[in-house]
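The structure appears below as structure tokens.
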Amino acid sequence: MQKTTAVGVAALLLCGLAQAQKSTAEGIAEYRKMLEDGNPADLFEAQGEELWKKKRGPKNASLERCDLGQGPGVVKGAFVTLPRYFADTGKVQDLESRLVSCMEMLQGLDGAEIAKTPFGRGEQNNITALATYVAAASRGLKFNLPQGHAEERRSYEIGKRAFYFRGGSHDFSCASCHGVDGQRVRLQDLPNLTKNPGDGVGFAAWPAYRVSNGQMWGMQLRLNDCFRQQRFPYPGFGSEVTVALATYMGVNAKGAESIAPSIKR
Amino acid sequence: MADPMRIRAQAAGDKTTVRVLMSHEMETGQRKDSAGKTIPAWFIREVSATHNGKPVLQAQWGPSIAKNPFLQFVVKGAKAGDKIAVTWIDNKDDKRTDEAVVS
Amino acid sequence: MTTRRKVLTQSAAVAGLLAGVGLLPGAAQAAWSQAAFEAKSLQEAVKALGGSAPVESKDVTITGPDIAENGAVVPVGAACSLPGVKRLLLLVEKNPNTLAAVFDVSDAVEANIGTRVKMGQSSNVFAVAMMADGKVLYAAKEIKVTLGGCGG
Amino acid sequence: MHTTRFVFAASAAALLLAGCASAPTPAELDAQARQMMKASFRDQGIAKTDRLNQDLGQQACSTDKPPSDEVASQIMSQALSAMKWPTGGQYIGDWREGEKLAQSGRGMTWSDPSDAAKDNGGNCYNCHQIDKKEVSYGTIGPSLWNYGKLRGVNDVAAPVSAPIVQYTWGKLWNSKAYAACSNMPRFGHMKVLDEQQIRHLMALLLDPKSPVNQ
């Protein structure tokens, strides 16, 4: 009897809430729509294109021979197939770590030095701009990461394990926030990254321009800041855990249309 | 040297909608860095636009315009092939002019 | 190869030269209205720009979202449907300095401007039209700023 | 390079173990993933790599499947026996302070200045609706609006309120005492918040004067 009353009250409450929530959600949707036209990511895309074509480094070469998996110099379509295995480095690589390899091999730049550089400084800014340019060339294409090589399958499997790995002061894993459908943190929708979360959502939306700090973020920085908020220690740039997680999310996103570079809160 | 703007100018009928993205910090002068030191103000103060060389719009901005500013305006009578140029000048007297062709 | 940036760099250099000899229209005009940008209210800002007391008007529109997911970037627009608009202003009531932007509109552009402002907190936002006949009209809209993300 | 060598060694080991099969077994992948976690992170500020040393619960709740009933009850009973009840039986603080803590998402990241409880927030609104006036709330946890009222708490000191008051303390101190793989942090147990801060959160949820119970 008492239980029924409580449920009744809860149901009433929920109705009221659903209404209030809807208007907030609508307001936010309207806000996001207004920002779509004129995404400052365009500025970074233009920088990236110029960097791609510019002769730089000790070898005074451009990146126009860089092989992102579609053959030397092919940019279009590369983004939606990364991370993948590269025979020349013997590793599965994501877009950003692959760009570093190209800068090493073609331009003679110091990859270890670039990996050590903090986000938002020097060559790291260049990597972000380049990643924005490469991603933009695959806008509207669907994700289709190769899983033919044993290392690609292994990357997926250990990436999945990293996704569910709980630790730190708060017991968080990636799955704490991104393991089921339809949840949010504050007002931000949390994509379910254990499957294809839909076109232009989650893995298919980064690199993105972050409105909150006016910065362009690639997937490496996106993951880095997830780990920060997970209260984990610091993941190395291009470290195996970041690439494996990208493989896990990228393979799960199969068929999702890329909208990167996007604009985010 | 400041980074280039992105200018899109699209004609529809006798009106051309111009959308401009500028690369700029737009620092308010009210924020502090991690050491507690005030970050000095650094923002675009003046913006002007021309249509085939003729001035059409002149603006003054304060630091509360958002970082990497966006500006949209509508030019009357511009047609495909016309030139729209935009210039900004910041409070350090750095400036930048870029031009786009109306499509 | 001539990259796009090179072209742009050259045009910037040319513009610099033109401005130096006072040939570039606009660039050397109208100094920045410091007093207006230091104003703490709509009335003060309009006064500092030499305008009369602002009157609320349906002919002025302020566009913007009802709620902003992030105050760092809030899309807003000012427009006026009446002829004879000389200036459009955008102001954020609760920002430390209220005035955000002043647009001098010529006859060659519509009295309809969009940009993006920063908002420190939920606040009224004003669009003001300063008219050729000396009238100052305005419209107001409240925009709520929410706290987003994990906040850490 | 270190990683390359490791990959090579791992696949060599897999070859040895599985005879001539090419794919590593799930157990081998588990071991490789653990090795990867060790190799990929470094200390930064207050966030040291020892945060990756998992306890029983963290380890058992690190897959897409729940642990066995046996392991789950072991996690819960360990949590319950390590529970610290408030000094002097004082459960309730100031709901105003509780609201501030609930709003704050700060604490324990590598960009935070210290791991002292005073520098930490409760992150509550990130996952829960609490005071209805705050429209920006998460939905990972259930709504806590009218938390005390719905549970009939008219007087927090009344004996009839004791079970719900104690349960709420326990949930805040160590949520794993009631659900082995709860998504909720163990605020007291992991020293994210101190006793006094948890009292304030208790007041936010249970004090009949708190806006949550209006």
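Sorting the segments B:34-42, D:108-116, C:102-110 by their residues' average number of neighbouring beta-carbon atoms within 10 angstrom, most packed first, yields C:102-110, D:108-116, B:34-42.
Straight-line cross-link reach from D:K133 at under 18 Å between alpha-carbon atoms covers these aspartates and glutamates, not counting any fewer than eight positions away in the same chain: A:E26, C:D66, C:E69, C:E142, D:E97, D:E99, D:D207.
With the contact rule set at Cα under 8 Å and sequence spacing of 6 or more, what percent relative contact order holds for segment D:87-213?
On the way: 225 pairs, mean separation 45.3, N = 127.
Across segment D:87-213, relative contact order equals 36 percent.
For the pair segment A:61-111 and segment A:163-213, the centres of their Cα atoms are 27 angstrom apart.
Evaluated over chain B, the count of Lys pairs having alpha-carbon atoms less than 14 Å apart is 5 (only pairs 8 or more residues apart or interchain). Solvent-accessible surface of segment D:129-214, averaged per residue with a 1.4 angstrom probe and all protein chains in place: 39 square angstrom.
Once the C-beta distance of B:K76 and D:A31 is scaled by a Förster radius of 60 Å, the resulting FRET efficiency is 0.30 to the nearest 0.05.
Of the heavy-atom accessible surface of chain D (probe 1.4 angstrom), what whole percent is carbon and sulfur? Write down the numbers at each step before the final one.
On the way: 6210 of 10580 Å².
Ligands and nucleic acids excluded, carbon and sulfur reach 59 percent.
Centre-to-centre separation between the Cα atoms of segment D:56-126 and those of segment B:1-47: 43 Å. Label positions at C:A132 and D:A158, each projected 7 Å from the Cα along the C-beta direction, are separated by 7.5 nm.
Taking amide H as placed 1.01 Å from N in the peptide plane, the amide H of B:V56 sits under 5 Å from that of B:A49, B:T50, B:H51, each at least 5 places away or on another chain. Give me the accessible area buried between chains B and C, both sides summed, with a 1.4 Å probe, in Å² rounded to the nearest 100. Counting both chains, the buried surface is close to 3500 Å². Looking at the protein assembly as shown, what % of the alpha carbon pairs are farther apart than 40 Å? Of the Cα pairs, 41 percent sit more than 40 Å apart. Contact order, relative form, for segment C:103-147: 34 percent (alpha carbon pairs under 8 Å, 6 or more residues apart, mean separation divided by residue count). Each of D:A116 and B:S103 was given a label point 7 Å from its Cα along the Cα-to-Cβ line. The distance between the two points is 5.8 nm.
Label point of A:E36 set 7 angstrom out along Cα-Cβ; within segment B:8-51, amide nitrogens under 18 Å from it belong to B:19.
Structural size metrics of segment C:33-145, computed from C-alpha coordinates, are Rg and Dmax of 12.9, 39 Å. In straight-distance terms, cross-link reach from A:K55 covers every one of the lysines whose alpha-carbon lies under 17 Å from its own, apart from those fewer than eight places away in the same chain; here that gives C:K6. Legend: P(r) of segment A:41-264 from all alpha carbon pair distances, 5 Å bins from 0, whole percents, reading 1, 7, 15, 21, 22, 18, 10, 4, 2, 0.
Below 21 Å, Cα to Cα, which lysines can D:K171 reach? Residues fewer than 8 away in the same chain don't count. Correct list for D:K171: D:K84, D:K100, D:K118, D:K149, D:K191.
Neighbours of A:Y234 by Cβ distance under 14 Å: Lys/Arg scored +1, Asp/Glu scored -1, total +3. Label zone (D:L150, point 7 Å along Cα-to-C-beta; backbone nitrogen cut-off 20 Å) within segment D:194-214: D:201-214.
Accessible area per residue was computed with a 1.4 Å probe on protein heavy atoms; B:D93 scores about 120 Å². Mean projected area of the convex hull spanned by the Cα atoms of chain B, taken over all viewing directions: 6.6 nm².
Peptide D:57-67 has a mean of 4 when you count, residue by residue, the C-beta atoms of other protein chains within 10 Å of its C-beta. Database remark: amide H of B:D82 closer than 5 angstrom to the amide H of B:V102 (H placed geometrically; neighbours at sequence offset of 5 or more, or on other chains; Pro and chain starts carry no H). What a 1.4 Å probe finds exposed on segment C:46-152 is 51% carbon and sulfur by accessible area, rounded to a whole percent. The residues of segment B:1-88 present an accessible area of 41 Å² per residue when probed at 1.4 Å with all protein chains retained.
Taking the accessible area of segment A:41-264, probe 1.4 Å, and keeping the other protein chains in place, the carbon and sulfur fraction comes to 50%.
The values are calculated or read from the model by the stated rules, or taken from the named source; none is laboratory data. These numbers come from a predicted model, not from an experiment. So basically every Cβ, Gly included, is an ideal-geometry build from the backbone, and we count neighbours across all protein chains shown. SASA here: full protein model, heavy atoms, side chains in, ligands and nucleic acids out. Shrake-Rupley method; radii C 1.70, N 1.55, O 1.52, S 1.80 Å.
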